[in-house]
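Here is the structure we will look at.
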Amino acid sequence: MTTKTDAIRSDIAYSTPDRIVVRGKDLPNEILGKMNLGDFAYLQLTGKTATPEQSRMFNALLITLVEHGITPSAIAARMTYAGAPESLQAAVAAGLCGLGTVFVGTTEGSARMLYEAFEGAGENPDLDALAHKTVADFRSRRQSIPGLGHPVHKPIDPRTPRLFELAAENGMSGKYIALVQLIQQHAERVSGKVLPINATGALGAICCEFGFPWTIVRGFGVMARAIGLVGHILEESQAPISYQLWHETEARASAHLRT
């Protein structure tokens, strides 16, 4: 419990009757019309203005996660909106609640895996040895390696090569990207399976190159996918599919009872 003498402090923003200041910048005069949404998000998170290279990479990171079709999160948002069209925010929240260790949230798992791989490894570690150890550790626990494999995109997730290309073009292709590529090679070799680095695996590595804590990385998926879900809800309001999905699912699920 705080007292009157305890300091309560936030360095993000403050308002007065005639000013709104965010991260030290005047919102109307230094941000509006001068920053795009991605650059403002970077400022909000870091307190720093993105360099041109950081801007290109961070915007690409967010855009990658905005949309991926009629996924479970999009279906959840559309179905919730169908039942409560007066509560758009609840529909968005319903979709976001499904971002986790299977969908979108694997960016967090990938980033955590890469950071932990380098813990105690010294200044110039053998990346191949780190990749081998990482794969062995996950296999010993019978766990899937976050950021590898995709149910649709095989043998390559088309987003990944472009993300790595952008990282190289913008001076952000470092040890984390190199390590996730080696992990993928080792994992395929020992499993005998096709395990492409998916978009979240690539983005997890890029987040590490930025230096973002792994604990915040899932938040980028939340930020980006919220935009996509609003788009799905707008389409649902104009060309609904939820009732069709509902009735078809119900009919198929109960078909065995009628035979």
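The values are calculated or read from the model by the stated rules, or taken from the named source; none is laboratory data. Predicted, not measured: the structure shown is a model, and the values here were computed from it. Every residue, glycine among them, receives a Cβ derived from its backbone with ideal geometry; neighbour counts consider all protein chains shown. All accessible areas refer to the heavy atoms of the entire protein, side chains included, with ligands and DNA or RNA removed. Shrake-Rupley method; radii C 1.70, N 1.55, O 1.52, S 1.80 Å.
Miscellaneous remarks
- Matching residues, segment 132-155, being within 21 Å of residue 208 (Cβ to Cβ), β-branched (Val, Ile, Thr) and assigned to a loop (DSSP other than H, G, I, E, B): 145
- Single match in 200, 134, 107 (criterion: of a type in the set (Ser, Thr, Tyr) and in contact with a Cys (Cβ under 8 Å, 6 or more places away or on another chain)): 107
- Only one of the numbered conditions (1) in contact with a helix residue (DSSP H, G or I) (Cβ under 8 Å, 6 or more places away or on another chain); (2) acidic (Asp, Glu); (3) open to solvent by 20 Å² or more (accessible area, probe 1.4 Å); (4) modelled with pLDDT under 95 is not met by residue 119, and that is (1).
- Answer residue from segment 196-224, given it is of a type in the set (A, V, I, L, M, F, W, C) and not in a helix (DSSP H, G or I) and is surrounded by the fewest Cβ atoms within 10 Å (Cβ to Cβ) among those: 212
- Count - residues of segment 186-195 that are in a helix (DSSP H, G or I) and over 18 Å from residue 106 (Cα atoms): 5
- Subset tally (residues that are part of a helix (DSSP H, G or I) and open to solvent by less than 20 Å² (accessible area, probe 1.4 Å)) for segment 156-185: 7
- Pairs meeting the criteria (first residue in segment 44-56 and in contact (Cβ under 8 Å) with a residue 40 or more places away in the chain, second residue surrounded by fewer than 17 Cβ atoms within 10 Å (Cβ to Cβ) and in a loop (DSSP other than H, G, I, E, B), beta carbons under 7 Å, at least 6 apart or on different chains) are 53/171.
- Residue selected from segment 226-259 under the condition in a loop (DSSP other than H, G, I, E, B) and farther than 21 Å from residue 89 by Cα, by the criterion most open to solvent (accessible area, probe 1.4 Å): 259
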